[in-house]
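Input: a single structure, listed below in structure tokens.
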Amino acid sequence: MDRIRIVGGARLAGVIPISGAKNAALPLMIASLLTPETLTLENMPRLADVRLLNRILGNHGVDHAVEGKRPGDGPHVGERVHYSARRIVDTTAPYELVSKMRASFWVLAPLLARMGQARVSLPGGCAIGTRPVDFLITALESLGARIDIESGYVVASAREGLRGGLIDFPKVTVGGTHTALMGAAMARGDTTIRNAACEPEVVDLAHCLMAMGAKISGAGTPTIEVQGVTSLHGARHSVLPDRIETGTYAMAAAMAGGDVLLQGARADLLRSALDALERAGAQVSSEAEGVRVRRDGCPIRPVDVRTDPFPGFPTDLQAQFMALMTRAEGVSRITETIFENRFMHVQELARLGARIRLEGDTAIVEGRPQLKGAPVMATDLRASVSLVIAALAAEGETMVHRVYHLDRGFERLEEKLRACGAQVERVSEGG
Ligand code: EPZ
């Protein structure tokens, strides 16, 4: 298994191109199940999760074709992929596949909307918590689906098709809102989604569904209205830039010091995280080409953050911000409100010399002047990358194990960091 070796201490300076967002790409790919026509997705990231979902969708009968590069396309231009679900050949998503990637559970809504039936394995727990799917099931029931749980599978049917209804989420849920949107788009009648997630990835899905002929208003606000249509058609849609990748490299630049242009990034997608970085002493500016992050000389200041649904501080940047705070000049408090077990990186950061104490849902981080390299590993992708950030400013060598977590969500991480002067390399088994 590959590992990543990092020798800390180098300043970061240069340009990092930001890829298409993983968490937008996955539901967009799943939306291709809603139409027999071709859905073309542009700016697709090259990630292990995308490849795995291609395989899962392939089982249902979705063909995909990656378009070749055009003259002038640089190495970092996202891919253009054509998805075609002309004929759905299987409405079952088996445990072996769904357990590998939770987001694949979201095939439930489009299969049900188009075929009137679906059988999808429950995804089970994961490293960051129990992560139930009860809100997704209730949402589909509100649209008239009949749902039973049989031998670990959600067995759903809507023989006459889904019908519009009221979906009122008890808690903001991204996957629940994706599910509600995909179900309601082709339901008979109107649907209101209350307490909807406002995350940019939800807005991106809504825009793509609208390009496919869906009638949706209010995406990006807590109340979304959907007027059902009888069928959806093919469309072309470009995946929005990855705000979590943007925030991750912004924090890396703040940690290591230097001057990095995050090319193609949009500051409006992660205002709260960039504000926290500015309070921590980084300079952040929006430029025509993207977002620029600098930290020169100024020490890292302690900043308290609390994760919240968008536009709050994203849970997917909590671990990275904690890594930065390990070198702040003082004590910071980081509160996680979205997932109950998303502090798995704390023990690993401690291996690098960080001083972090957990009190319920809050981590109290006592900044230190220096961290020291060590072998580390993590159990999820954002936790893994927080170790990379810490290692960039640690003295000596850090070896990050279980790199497959990073490959799930970060395209060419080591290449992007190395281009800015970081000492990072991938070491293959035996290397
Ligand atoms: C999405 O997960 C993202 N995944 C996560 O990113 C992200 O952390 C999360 O949203 C929150 O922003 C993808 O987009 C593929 P939720 P999702 O439903 O949709 C509870 C990453 O690293 N809940 O918004 O699964 C749930 O337990 C990943 O890229 C229920 O109780 O998250 C959590 O506490 C990790 N019942 C909260 O709601 C339900 O039926 C929000 O979860 C559904 C959710």
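Within region 407-431, which residues are over 24 Å from the mean Cα position of the chain (by Cα) and among the small types (G, A, S)?
Result: G421, A422, S428, G430, G431.
Every residue, every condition in (1) outside the structural domain of P36 (by TED's automatic domain parsing); (2) within 17 Å of R11 (Cα to Cα); (3) touching a Gly at 6+ places or on another chain (Cβ under 8 Å), yes or no:
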| residue | (1), (2), (3) |
| --- | --- |
| Y249 | yes, yes, no |
| G258 | yes, yes, yes |
| A267 | yes, no, no |
| V284 | yes, yes, no |
| V293 | yes, yes, no |
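Taking strands (runs of 3 or more DSSP E) that do not extend beyond region 303-376, which have at least 1 residues that are surrounded by 21 or more Cβ atoms within 10 Å (Cβ to Cβ) and away from the ligand (no atom under 16 Å from the Cβ)? Can you show your working first?
Working: elements: 331-335, 355-359, 362-366.
Of the strands (runs of 3 or more DSSP E) lying wholly inside region 303-376, those with at least 1 residues that are surrounded by 21 or more Cβ atoms within 10 Å (Cβ to Cβ) and away from the ligand (no atom under 16 Å from the Cβ) span 331-335, 362-366.
Just name the residue that is farthest from L277 (Cα to Cα) out of those in region 245-261 that are within 16 Å of the ligand (Cβ to nearest atom) and in contact with a Phe, Trp or Tyr (Cβ under 9 Å, 6 or more places away or on another chain). Spell out the reasoning first.
First, the residues of region 245-261 that are within 16 Å of the ligand (Cβ to nearest atom): 245-249, 251.
The next check asks that each one be in contact with a Phe, Trp or Tyr (Cβ under 9 Å, 6 or more places away or on another chain); those that pass are 245, 247-248, 251.
On the way: E245: 15, G247: 9, T248: 11, M251: 7 Å.
Per the criteria, the residue is E245.
With the requirement that a residue be among the polar types (S, T, N, Q) and more than 11 Å from the ligand (Cβ to nearest atom), what does region 118-160 give you? Spell out the reasoning first.
Let us first name the residues in region 118-160 that are among the polar types (S, T, N, Q), namely 121, 130, 138, 142, 151, 157.
If the condition is that a residue be among the polar types (S, T, N, Q) and more than 11 Å from the ligand (Cβ to nearest atom), then S121, S142, S151, S157 are the ones that fit.
Looking only at region 63-104, which residues are within 19 Å of the chain's Cα centre (by Cα) and more than 19 Å from A21 (Cα to Cα)?
L97, V98, S99, K100
Please go through region 287-300 and pick out each residue that is touching a strand residue (DSSP E or B) at 6+ places or on another chain (Cβ under 8 Å) and surrounded by fewer than 14 Cβ atoms within 10 Å (Cβ to Cβ).
Of region 287-300, the ones touching a strand residue (DSSP E or B) at 6+ places or on another chain (Cβ under 8 Å) are 287, 289-296.
The answer is E287, E289, D296.
Sort out which residues of region 377-431 are among the charged types (D, E, K, R), closer than 24 Å to Q347 by Cα and in contact with a Leu (Cβ under 8 Å, 6 or more places away or on another chain), and write them in order of number.
First pass over region 377-431, keeping only residues among the charged types (D, E, K, R): 380, 382, 395, 397, 402, 407-408, 411-412, 414-416, 418, 425-426, 429.
Then drop every residue that is not closer than 24 Å to Q347 by Cα, which leaves 380, 382, 395, 397, 402, 407-408, 414, 425-426.
Within region 377-431, R382, E395, D407, R408 qualify.
Could you check, for region 127-139, whether at least one of its residues is acidic (D, E) and more than 30 Å from D361 (Cα to Cα)?
Let us first name the residues in region 127-139 that are acidic (D, E), namely 134.
Filter again for more than 30 Å from D361 (Cα to Cα), leaving none.
Looking for residues that are acidic (D, E) and more than 30 Å from D361 (Cα to Cα), one finds none in region 127-139, hence no.
The values are calculated or read from the model by the stated rules, or taken from the named source; none is laboratory data. Because the structure is a prediction, the values reported are computed rather than measured. Neighbour counts are summed over all protein chains in view; Cβ atoms, including those assigned to glycine, are modelled from backbone coordinates with ideal geometry.
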